[in-house]
Amino acid sequence: MSDIADKVKKIVVEHLGVDESKVTPDASFIDDLGADSLDTVELVMAFEEAFSVEIPEDAAEKIATVKDAIDYIEKQKAA
Amino acid sequence: MFSLSGKTALVTGASGGIGAAIARQLHAQGATVVLSGTREAALQELADSLGERAHIAVANLSDPAKADGLVAKAEAVAGAPLDILVNNAGLTRDTLAIRMKDSDWSQVMTVDLESPFRLARAALKGMLRRRAGRIISIASVVGTTGNAGQANYAAAKAGIVGMSKSLAQEAGPRGVTVNVVAPGFIETPMTDVLPETVREKLVGSIPLGRMGNTGDVASAVVYLASDEAAWVTGTTLHVNGGMAMV
């Protein structure tokens with residue numbers, strides 16, 4: 001797993017208070033990890049801060065799973 | 001009841017009559033208070049008279065950057081995260097609309113409406129994470145009734161109400177409450193200069209038969225800041241002696 005994936009996973013565990021084993025790439029924040037809409041906004045803000053990236057509203061809306069977040073941040077970091 | 005022991009509160013406009021009374025009462029209930037305003041000497045004097053658990057954070061809220069940074073500054077001087085934000089700072093630029101300058105409008109909007117939003121936005125980030133917090137903004141009865149000569153001020157104060165209701169909906173799921181206190185005619189240095197006949201007429205329109213004092217407003221803030229008000233959010237508490245029953 002990449003550094004980014006590790007960090008994303010850690011942030012998700014910390015913010016949602018879920019067990020690490022549940023934070024699989026395909027896990028949906030809302031359906032599988034019990035997040036509500038405010039949680040997802042807080043997660044996006046935590047990602048922005050941790051990775052020094054800006055995630056605009058329309059991109060944030062498309063980040064539904066752990067993998068979505070990792071892919072988006074990796075793409076931003078590569079650019 | 002209404003103990004604020006262990007809580008940290010930021011009060012803007014704390015060098016003014018109502019702001020100072022709010023700070024005093026929050027402090028009397030046990031809160032650590034951070035007094036903010038533009039007049040450092042007046043803030044320091046108030047802090048000195050309160051003694052322990054009182055800090056100052058000078059900030060001119062007409063500067064957006066200062067407004068954005070005030071919550072962090074307050075938390076730094078208090079050495080604790082913010083539990084209670086009281087948006088009290090405000091100014092007036094009264095004149096009839098046909099004579100109102102753009103700057104009269106924009107100054108009032110910046111300080112009375114935009115800066116409370118900036119402060120609330122900054123405070124909410126920590127409050128949501130901690131699953132607790134109180135945001136209380138001081139509006140005015142004129143935000144509901146309107147008042148000739150105060151189109152700018154009344155618009156800003158009505159704006160506070162709409163903003164607070166929205167923030168209350170956003171923050172409710174995290175146990176953070178957002179409320180408004182809307183004072184009526186309060187005795188302050190500003191109202192002391194009114195001619196006697198004007199005062200008499202105003203008091204005549206108040207069922208409780210007197211002008212309000214700053215303590216009347218501060219008590220309402222203490223209530224909304226307390227744990228006892230945990231199930232009250234998005235509301236406006238009118239403190240006006242019955243002058244406007246809305």
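The values are calculated or read from the model by the stated rules, or taken from the named source; none is laboratory data. This one's a predicted model, so the numbers in the text were calculated from it and none came from an experiment. Cβ placement follows ideal geometry from the backbone for every residue including glycine, while neighbour counts extend to all protein chains displayed. Each accessible area value is taken on the protein alone, full model and side chains, heavy atoms only, with ligands, DNA and RNA left out. Shrake-Rupley method; radii C 1.70, N 1.55, O 1.52, S 1.80 Å.
Is there a pair in B:K165/B:K201; A:K7/B:K165; B:K7/B:K101; A:K7/B:K125 whose C-alpha atoms are over 32 Å apart, and which pairs would that be? Present the calculation step by step, with values, prior to reporting the outcome.
On the way: B:K165/B:K201 34 Å; A:K7/B:K165 36 Å; B:K7/B:K101 42 Å; A:K7/B:K125 21 Å.
Flagged as over cut-off: B:K165/B:K201; A:K7/B:K165; B:K7/B:K101.
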Open item on the list: Just want the answer: with Cβ charges of +1 for Lys and Arg and -1 for Asp and Glu, which residue in B:A78, B:A225, B:P173 is farthest toward the dipole's positive end in chain B?
Closed with: B:P173
TODO: Return the value, in Å² to the nearest 100, of accessible area buried between chains A and B (probe 1.4 Å, both sides summed).
DONE: 500 Å²
Task: Spatially proximal aspartates and glutamates relative to A:K9 (Cα-Cα < 13 Å; intrachain offsets below 8 disregarded) - done: A:D19, A:E20, A:D26, A:D68, A:D71
- [ ] Of the options B:A41, B:T12, B:I136, report the single residue whose Cα projects farthest towards the positive end of the charge dipole of the protein assembly as shown (beta-carbon charges: Lys, Arg +1; Asp, Glu -1).
- [x] B:A41
- [ ] Show me B:117-128, B:194-205 ranked by packing, highest mean number of other Cβ atoms within 10 Å first.
- [x] B:117-128, B:194-205
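Can you give the average number of partner chain beta-carbon atoms within 10 Å of each beta-carbon in peptide A:36-42, as a whole number? Let's see the in-between values first.
Values: counts 2, 2, 6, 3, 0, 2, 4.
Per residue, the average neighbour count from other chains is 3.
With Kirkwood's inverse mean 1/r over C-alpha pairs for Rh, give me the Rg to Rh ratio of chain A, two decimals please.
0.91
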Task: Gap separating the Cα centres of segment B:20-82 and segment B:152-191, nearest whole Å - done: 20 Å
Open item on the list: Helix check for chain A. Which DSSP H runs span at least 15 Å along their own axis by Cα, with a mean Kyte-Doolittle hydropathy no less than 0.0?
Closed with: A:3-16, A:37-51
Task: Residue mean of other protein chain beta carbons inside 10 Å, B:171-178 - done: 1
Open item on the list: Using only Cα atoms and rounding to the nearest 10 degrees, what angle (0 to 90) does helix B:214-225 make with the longest principal axis of chain B?
Closed with: 40 degrees
Open item on the list: What is the angle, in °, between the Cα long axis of helix B:40-50 and the longest principal axis of the Cα atoms in chain B? Nearest 10 is fine, range 0 to 90.
Closed with: 70 degrees
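What fraction of the DSSP beta bridges in the protein assembly as shown is antiparallel, stated in percent and rounded to the nearest 5? Let's see the in-between values first.
On the way: 1 of 28 bridges.
Antiparallel: roughly 5 percent of the beta bridges in the protein assembly as shown.
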Task: Carbon and sulfur %, accessible surface of the protein assembly as shown computed with the full protein complex present, 1.4 Å - done: 53 percent
TODO: Diagonalise the Cα gyration tensor of chain B and give the resulting equivalent ellipsoid semi-axes, square root of 5 times each eigenvalue, largest first, whole Å.
DONE: 27, 20, 19
TODO: For the protein assembly as shown, would you read off the P(r) tail past 34 Å as a percentage of all alpha carbon pairs?
DONE: 32 percent
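Given a 1.4 angstrom probe, what's the average accessible area per residue across the protein assembly as shown, in square angstrom?
Details: 15890 Å² over 325 residues.
Accessible area per residue: 49 Å².
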- [ ] Using only Cα atoms, find the angle between the long axis of helix B:17-28 and the longest principal axis of chain B, and express it within 0 to 90 degrees, rounded to the nearest 10.
- [x] 30 degrees
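Might you report the magnitude of the Cβ-based charge dipole of segment A:3-78 about its Cα centre, with Lys and Arg at +1 and Asp and Glu at -1, to the nearest 20 debye? Mind dumping the intermediate values first?
Details: 8 positive and 20 negative charges, 55 e Å.
Charge dipole of segment A:3-78: 260 debye, to the nearest 20.
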